[in-house]
Amino acid sequence: ARHAPPRQERRCAVTAFFSEALAKHDRSAFASGNERIDAYFRQTVSQDVKRGYAACYVLVEKASAQLAGFYTLSSHSIPLTEVAPDLARKLPRYPSVPAVLIGWLGRDATFRGQHVGSMLLADAITRLAAAPIGLHALCADAIDEAAAAFYREHQFRPFVSRPNALYLPMKPALALVANKAE
């Protein structure tokens, strides 16, 4: 049986938020500005969660209970041929290494400028660090160039053959979260 992790609080300069697993949250008003992200979150994510294809977590504004953003996590693996040679040399000689994929990440446009995307990413990294699984990296398939730029700003590196598919090894990911907390 799957257990929902406890709420994790993240704060930004203006508003306080908490994160939790997607449940019976009202998603109908969520509007990121990207129709593909909005349609997925409003109509499809529950099916992926129900089927066990993804876990979905939401960031909720405490004061209003409004959904500020969401992300999904799924199991993944990285073929060593897709990793930059300088990193591949340091990895075990397996055909691939274990990873987790942020399949979807969206921020409601109401919260633009409040670093909600960074808070969602930090929440995912913190959640994965506490998970009882082995993983080498966090991966993301950026939906467009703006999303790819967001991930690159957070130290993700592109895969060798797919520039909008990116990864961040867990060691620097944890350092990124630790630096943001200071």
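Quick one: compute the contact order of the chain, relative version, from alpha carbon pairs under 8 angstrom and 6+ residues apart, as a percent.
Numbers: 280 pairs, mean separation 32.0, N = 182.
Worked out over the chain, it gives 18 percent.
Less than 15 Å Cβ to Cβ from residue 89, Lys/Arg counted +1 and Asp/Glu -1: what total charge do the surrounding residues give? All intermediate terms of the calculation are to be shown ahead of the outcome.
Working: positive: 90, 93, 157; negative: 82, 86.
Charge balance near residue 89 sits at +1.
What does the convex hull of the Cα atoms come to per residue for segment 47-139, in Å³?
133 Å³
Find which of 132, 87, 65 sits farthest along the positive direction of the dipole of the chain, computed with +1 on the beta-carbon of Lys and Arg, -1 on that of Asp and Glu, about the Cα centre.
132
Would you please give the FRET efficiency between residue 133 and residue 164, computed as 1/(1 + (r/R0)^6) with r the Cβ-Cβ distance and R0 = 41 Å, to the nearest 0.05? All intermediate terms of the calculation are to be shown ahead of the outcome.
Working: r = 26 Å, r/R0 = 0.63.
Efficiency, rounded to the nearest 0.05: 0.95.
Give me the tail of P(r) for segment 1-156 as a percent: Cα-Cα pairs with distance above 27 Å.
23 percent
With +1 on each Lys and Arg Cβ and -1 on each Asp and Glu Cβ, and nothing else charged, work out how big the dipole of the chain is about its Cα centre, in Debye to the nearest 20.
On the way: 22 positive and 16 negative charges, 90 e Å.
That gives the chain a dipole magnitude of about 440 debye.
Given the -39500 (n - 2.57) contribution per DSSP H run of 4+ residues, what per-residue ellipticity at 222 nm results for the chain, rounded to the nearest 500 deg cm²/dmol?
Dividing the helical sum by the residues of the chain leaves -8000 deg cm²/dmol.
With a cap of 11 neighbouring Cβ atoms within 10 Å, and only residues DSSP puts in a loop, list the trypsin sites (Lys or Arg not before Pro) found in segment 72-108.
89, 90, 93
Work through the residues other than residue 151 whose Cβ is under 10 Å from its Cβ and net out their charges, Lys, Arg +1 and Asp, Glu -1. If you can, show how the numbers build up before the last one.
On the way: positive: 152, 157; negative: 141, 153.
After counting each charged neighbour, the total is 0.
Using θ = phi - 60° and the Karplus relation 6.51 cos²θ - 1.76 cosθ + 1.60, list the HN-Hα couplings for segment 51-58 in order, rounded to whole Hz, with x at every Gly or Pro.
Those phi angles translate into 7, x, 7, 8, 10, 10, 10, 10 Hz.
Helix by helix, which DSSP H runs in the chain go 15 Å or more along their axis at the Cα atoms and have an average Kyte-Doolittle hydropathy of 0.0 or more?
The qualifying helices are 116-130, 170-181.
Assuming a ≥ b ≥ c are the square roots of the Cα gyration tensor eigenvalues, decide whether segment 110-182 counts as rounded (a/c under 1.5), prolate (otherwise, with a/b larger than b/c) or oblate.
Judged from the Cα gyration tensor, segment 110-182 comes out oblate (a/c at least 1.5, b/c at or above a/b).
We did not get these values from a lab; they are worked out from the coordinates using the rules stated. Bear in mind that the values here come from a model prediction, so they are computed numbers and not experimental data. Here the Cβ is made from the backbone with ideal geometry for all residues, glycine too, and neighbour counts use every protein chain on show.
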